[in-house]
Amino acid sequence: PTVTITSSASSLKSGQTATITFTLSEAASDFSVGDITTVGGTLSGFSGSGTSYTAMFTPTANSTATATFNVLANTFTDAAGNNNNAATQFTINVDTAAPTITITSDKTTLKSGETATITFTLSEASSDFTATDITTVGGTLSALSNSGLIYSATFTPTANITTTATFNVAAGTFTDSAGNSNTAATQLSVTVDTIAPTITITSDKTALRIGETATLTFTLSEAASTALISSNITV
């Protein structure tokens, strides 16, 4: 007796299953699921009789391996007691690995007038990853471009703010070639300060006569990284 292996699907992505059919050339009373060697997933719900048997195949999670199905020689017999011939190996393409995305920046801080290049690196190529998949807080992204797995855009921070800009790509926003949806990216943060510091000048006196002096006070809205020197002041 011989056995032929077929499937309801030739490829599987995450969340999918296939019905595997085993067709014998002659009826057998001792063909069982233990006669089947499966790599790349599990069989369940084995049933059938005579010459036709079926089982459900569930592929291994997070795998890109090719699933294989075999029935070795001498595993079952026909009514006359003849041992079977080996089946021709059957294969199914499996891709249950969800694509991932990593977000990076060429700058960790931005001040007024500066921009940053934000890079989005995908673990697998995608045909439907777009700028609308990106959630940005604290500024705007423009000119998204790609070269296969790597996408980049220019980030311009909002004017006159002090904040932390964030960049996110939520889960389920794009797919790989097999149709698997992505996992969420780890949020990227960039420190933004686009507020120009101000200075206020006050005096302890509003009028002076000969021989008198006044103390002038210069109050900055933010701490300065360089000292205020007299040459900065026009009198």
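The values are calculated or read from the model by the stated rules, or taken from the named source; none is laboratory data. Keep in mind that this is a model prediction, so the values were computed, not measured. FYI the Cβ positions are ideal-geometry reconstructions off the backbone, even for glycines, and counts take in every protein chain you see. The area values use the complete protein model at the heavy-atom level, side chains included, leaving out ligands, DNA and RNA. Shrake-Rupley method; radii C 1.70, N 1.55, O 1.52, S 1.80 Å.
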Could you please find all residues in region 116-134 being out of contact with any Asp or Glu (no Cβ under 6 Å at 6 or more places or on another chain) and exposed (fewer than 14 other Cβ atoms within 10 Å of the Cβ)?
ALA125, SER127, ASP128, THR130, ALA131, THR132
Answer yes or no as to whether THR173 is open to solvent by less than 60 Å² (accessible area, probe 1.4 Å), assigned to a loop (DSSP other than H, G, I, E, B) and of a type in the set (Val, Ile, Thr).
yes
Count of region 23-54 residues which are part of a strand (DSSP E or B), among the β-branched types (Val, Ile, Thr) and under 18 Å from ALA67 (Cα atoms):
6
Considering region 14-45 alone, what residues qualify as being farther than 20 Å from THR88 by Cα and open to solvent by less than 60 Å² (accessible area, probe 1.4 Å)?
SER44
Name every residue in region 46-59 that is exposed (fewer than 15 other Cβ atoms within 10 Å of the Cβ) and among the hydroxyl-bearing types (Ser, Thr, Tyr), in order of residue number.
SER47, SER49, SER52
Under the condition of being of a type in the set (Gly, Ala, Ser) and open to solvent by 40 Å² or more (accessible area, probe 1.4 Å), which residue from region 153-170 is nearest to THR130 (Cα to Cα)?
ALA170
Taking region 65-90 and keeping residues open to solvent by less than 10 Å² (accessible area, probe 1.4 Å) and assigned to a strand (DSSP E or B) leaves ALA67, PHE69, VAL71
Within region 96-122, count every residue that is among the hydrophobic types (A, V, I, L, M, F, W, C) and over 20 Å from GLY139 (Cβ atoms).
3
Between a first residue in region 224-235 that is more than 25 Å from ASP193 (Cα to Cα) and in contact (Cβ under 8 Å) with a residue 40 or more places away in the chain and a second residue that is β-branched (Val, Ile, Thr) and surrounded by 10 or more Cβ atoms within 10 Å (Cβ to Cβ), which pairs have beta carbons less than 8 Å apart while being 6 or more apart in sequence or on different chains?
none
Which of the numbered conditions does THR140 fail, given that it passes all the others? Conditions: (1) open to solvent by 80 Å² or more (accessible area, probe 1.4 Å); (2) within 30 Å of PRO59 (Cβ to Cβ).
(2)
Going through region 183-207 one residue at a time, which ones are over 30 Å from PHE129 (Cα atoms), among the aliphatic types (A, V, I, L, M) and out of contact with any Phe, Trp or Tyr (no Cβ under 7 Å at 6 or more places or on another chain)?
ILE195, ALA196, ALA207
Go through region 96-161 and tell me which strands (runs of 3 or more DSSP E), entirely inside it, have 2 or more residues that are closer than 30 Å to ALA67 by Cβ, touching a residue at least 12 places away in the same chain (Cβ under 8 Å) and of a type in the set (S, T, N, Q).
none
